[in-house]
Amino acid sequence: MRKNHLPAPARRLCALRRRVSARRSGTGTAGTGRVAAALCLLCAFSLLLSGCAQFQREYVEVSSHVDSTVSEAAPDFANISTYTQLRAALSSMVSHRQETAVLRFGRYSGELSEDLSTASWSIRAESALGAWCVETVSYELQRLVSYSEADVSIRYKRTAQEMENVVYLTGTVGLSEQIQQALEQAQTRLVVRLSSRNMDADGALAAVQNAWLENPLCSAAPPQASVEVYSGKGYERVADFTFSYDYSAQWLEQLRQSLSVAVDRVLESVPAGDTQSRIRSACRILSNDCSYDPDVSDFGGTAYGALIIGHANSLGYAQACKLLCDRMDVPCQIIAGRYDRAEHYWNIVEIDGARYHIDVSLAAQLGLSAVFLRSDSALWGRYTWDIDAYAPCLGAATGAQ
């Protein structure tokens, strides 16, 4: 409860009035005029001091309020005047996993109550990150004399550690490397925030498959993946990958090291020569040491099955060829297509700027020359593939036969 004390200037004025009253009995008209003038000056001075004291008290209260509630990570929380700034403030809270904040609005252009409701809904429904991590957004709006304040509370469905582990990418560049790193370390979770117009769950799972085909050494066993993709109003996406493995991380690492040793062992048997002859020798060794079985299970679709177990389907052969070419610094990719209408995999290699097809899996059946360094036109017919997804192979190499 505030006590009814007079300010110091007012107390001094009252004392002066008592002294003046005591002297009036002995003063004349001129003295009365001088006293009246003095009283006017003192009244003006008292009012000025009283006003300054009140202004200082309001300023101190406002400064203390701002310092205690406005986040240093988002200084714009203190002066929001548009819906865009309001939306940005809530986005900043989510990005920093900030649970509470006081938003201050001065001269706001719009219906503040309605905009708060819209922005709170939008941050959960139209933001990919918000859709992934925000459970509820609540607020209390207070309208003060010269401004309004909203006490905002956000409840999250993801832990601080989960949000700290989110990987941020520009576009989809680097997504394959992030997936390969997760597989190599036998991680069970990978959350990526990126910008992509067409990314959905099927596209995200295709990215896992492509990452493994680009680097078969990242996981000796085929990865098992599931994904949830959260989308926003624009191109923002959050892809939440979950990986599972049939083997422990330690065992997978042993398999990976054994596979690397097997690649080196094959290349030790490859005679010196030009790039084309070395690739031919490596493919011949692979064809001789591995048996083709389109129905083989377990490691049959892996380079481990082709190079160590000795039984593989077309995918296992293609992965083994990819690893051998990578180790020889020959650009190589794995092609997913069809042979006689059945799912089939083989390779495209690049030698001296020209590209060629290689299918080691059918070398024993058709002869190496029939499937080694071939052009698109030489294979098309029994082989089919998405010609828009791969660079064209325009001719057979000299000596390919």
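Would you pick out the residues in the range 246-268 that are in contact with a Ser or Thr (Cβ under 8 Å, 6 or more places away or on another chain) and either surrounded by fewer than 18 Cβ atoms within 10 Å (Cβ to Cβ) or of a type outside the set (Lys, Arg) (or both)?
Taking the range 246-268 as the starting set, the residues that turn out to be in contact with a Ser or Thr (Cβ under 8 Å, 6 or more places away or on another chain) are 252, 256.
The one that is in contact with a Ser or Thr (Cβ under 8 Å, 6 or more places away or on another chain) and either surrounded by fewer than 18 Cβ atoms within 10 Å (Cβ to Cβ) or of a type outside the set (Lys, Arg) (or both): LEU252.
Only one of (1) at pLDDT below 95; (2) open to solvent by 50 Å² or more (accessible area, probe 1.4 Å); (3) within 30 Å of ILE80 (Cα to Cα) fails for LYS157. Which number is that?
Here LYS157 clears every test but (1).
Results for (1) at pLDDT below 95; (2) open to solvent by less than 40 Å² (accessible area, probe 1.4 Å), shown as yes or no for each residue.
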{"site": "ILE80", "(1), (2)": "yes, yes"}
{"site": "LEU90", "(1), (2)": "no, yes"}
{"site": "MET93", "(1), (2)": "no, yes"}
{"site": "GLY106", "(1), (2)": "yes, yes"}
{"site": "GLU114", "(1), (2)": "no, no"}
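One residue is enough: does the range 280-293 have a residue meeting the conditions in contact with an Asp or Glu (Cβ under 8 Å, 6 or more places away or on another chain) and open to solvent by less than 50 Å² (accessible area, probe 1.4 Å)?
The first filter runs over the range 280-293 and keeps only residues in contact with an Asp or Glu (Cβ under 8 Å, 6 or more places away or on another chain), leaving none.
No, the range 280-293 contains no residue that is in contact with an Asp or Glu (Cβ under 8 Å, 6 or more places away or on another chain) and open to solvent by less than 50 Å² (accessible area, probe 1.4 Å).
Would you mind stating whether TYR230 is surrounded by 17 or more Cβ atoms within 10 Å (Cβ to Cβ), under 30 Å from GLU114 (Cβ atoms) and either free of Cβ contacts under 8 Å to residues at least 60 places away in the same chain or more than 16 Å from the chain's Cα centre (by Cα) (or both)?
On the way: surrounded by 17 or more Cβ atoms within 10 Å (Cβ to Cβ): yes; under 30 Å from GLU114 (Cβ atoms): yes; either free of Cβ contacts under 8 Å to residues at least 60 places away in the same chain or more than 16 Å from the chain's Cα centre (by Cα) (or both): no.
Answer is no for this residue.
Mind counting the residues in the range 253-299 that are in contact with a strand residue (DSSP E or B) (Cβ under 8 Å, 6 or more places away or on another chain) and more than 21 Å from SER314 (Cα to Cα)?
Total meeting the criteria: 2.
Which ones in the range 292-333 are of a type in the set (Lys, Arg) and closer than 19 Å to LEU252 by Cα? Don't jump to the end; show me each part of the working.
Initial filter on the range 292-333 (of a type in the set (Lys, Arg)): 322, 327.
Matches in the range 292-333: none.
Can we say LEU259 is at pLDDT below 95, in contact with a helix residue (DSSP H, G or I) (Cβ under 9 Å, 6 or more places away or on another chain), part of a helix (DSSP H, G or I) and not basic (Lys, Arg)? I'd like the intermediate steps shown before the answer.
Values: at pLDDT below 95: no; in contact with a helix residue (DSSP H, G or I) (Cβ under 9 Å, 6 or more places away or on another chain): yes; part of a helix (DSSP H, G or I): yes; not basic (Lys, Arg): yes.
Spelling it out, it is not the case that LEU259 is at pLDDT below 95, in contact with a helix residue (DSSP H, G or I) (Cβ under 9 Å, 6 or more places away or on another chain), part of a helix (DSSP H, G or I) and not basic (Lys, Arg).
Quick one: ILE348 ticks every box in (1) of a type outside the set (Phe, Trp, Tyr); (2) outside any strand (DSSP E or B); (3) open to solvent by less than 10 Å² (accessible area, probe 1.4 Å) except a single one, so which number is it?
(2)
I'd like the full set of residues that are open to solvent by 20 Å² or more (accessible area, probe 1.4 Å), out of contact with any Asp or Glu (no Cβ under 6 Å at 6 or more places or on another chain) and outside any helix (DSSP H, G or I), limited to the range 295-312. Let's see the steps before the verdict.
Taking the range 295-312 first, the residues open to solvent by 20 Å² or more (accessible area, probe 1.4 Å) are 295-299, 304, 307-309, 311.
Of the ones still in play, those that are also out of contact with any Asp or Glu (no Cβ under 6 Å at 6 or more places or on another chain) are 295-299, 304, 307-309.
Residues satisfying the conditions are ASP295, VAL296, SER297.
The values are calculated or read from the model by the stated rules, or taken from the named source; none is laboratory data. None of these values were measured; they are calculated from a predicted model. Glycine gets a Cβ as well: all are built from the backbone with ideal geometry, and neighbour counts include every protein chain shown. Side chains included, ligands, DNA and RNA excluded: accessible areas come from the protein's heavy atoms. Shrake-Rupley method; radii C 1.70, N 1.55, O 1.52, S 1.80 Å.
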